[in-house]
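The next block holds one structure in the form of structure tokens; read it before the comments.
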Amino acid sequence: ETSDEEDGEDSSTGPMTPQFGPGLGRLVASSGEMSERTLGTLDAREVVEYAVYLGIDVASEGGLLWIAEEGMRAGLPEGYTEHLDDDGTPYYVHDQTGTSSWEHPLDQHYRALVARHRAEAALARGDTGGAGAA
């Protein structure tokens, strides 16, 4: 259950610009606690949107969609909490450092996983030209 009403979070403590809109696989309880991005049944549209966010070309790299599914099911790493800004947009705070980000703490891990699998596929095809430098 979510609402648009304020949850008591001070938006000035959150990051400046969201990079990944709310509701794309990140379900937030009205208390501000994350439901661990664990969705009983993932919405195919949201999986595709998250895949695109990770840099997957869904038309030519459909075999990498499992990475987006895995990412959407991943919970928060230990030491992170999810909060809502005044508009209900989630952001993430590292409890020990106090740093915050609009991006889920594991998104970079899943982007790296995409890059690794893309590079492995290129090597398997014998494609050595422009396999994507990070």
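The values are calculated or read from the model by the stated rules, or taken from the named source; none is laboratory data. Source: prediction; values computed, not measured. Reconstructed Cβ throughout: ideal geometry from the backbone, glycine too, with neighbour counts over all protein chains shown. The accessibility values were calculated without ligands, DNA or RNA, using every heavy atom of the protein model including side chains. Shrake-Rupley method; radii C 1.70, N 1.55, O 1.52, S 1.80 Å.
Whenever you get a sec, compute what percent of the accessible area on segment 43-134 sits on carbon and sulfur atoms (1.4 Å probe).
Details: 2630 of 4990 Å².
Answer for segment 43-134 is 53 percent, counting heavy atoms of protein chains only.
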Apply 1/(1 + (r/R0)^6) to the Cβ-Cβ distance of W66 and H94, taking R0 = 30 Å, and write down the FRET efficiency to the nearest 0.05.
0.60
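At a temperature of 20 °C and a viscosity of 1.002 mPa s, determine how fast segment 51-101 diffuses translationally according to Stokes-Einstein, using the Kirkwood radius over alpha-carbon pairs as Rh; express D in µm²/s, rounded to the nearest whole number.
Working: Rh = 12.9 Å.
Result for D is 166 µm²/s.
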Mind listing the long-range amide H neighbours of Y80? Cut-off is under 5 Å, sequence gap 5 or more, other chains count too, H placed in the peptide plane at 1.01 Å from N.
D95
Testing the spin-label approximation: label points 7 Å from Cα along Cα→Cβ at A59 and A122. State their distance in nm.
2.0
Long-range amide H contacts for D86: which residues qualify at under 5 Å (H placed 1.01 Å from N, peptide plane, sequence gap of 5 or more or a different chain)?
S11
Step through the residues of segment 56-72 one at a time and calculate ³J(HN,Hα) from phi using the Karplus curve (6.51 cos²θ - 1.76 cosθ + 1.60, θ = phi - 60°), rounding each to whole Hz and writing x for Gly and Pro.
7, 7, 5, 6, 10, 10, x, x, 9, 4, 4, 5, 5, 4, 4, x, 6
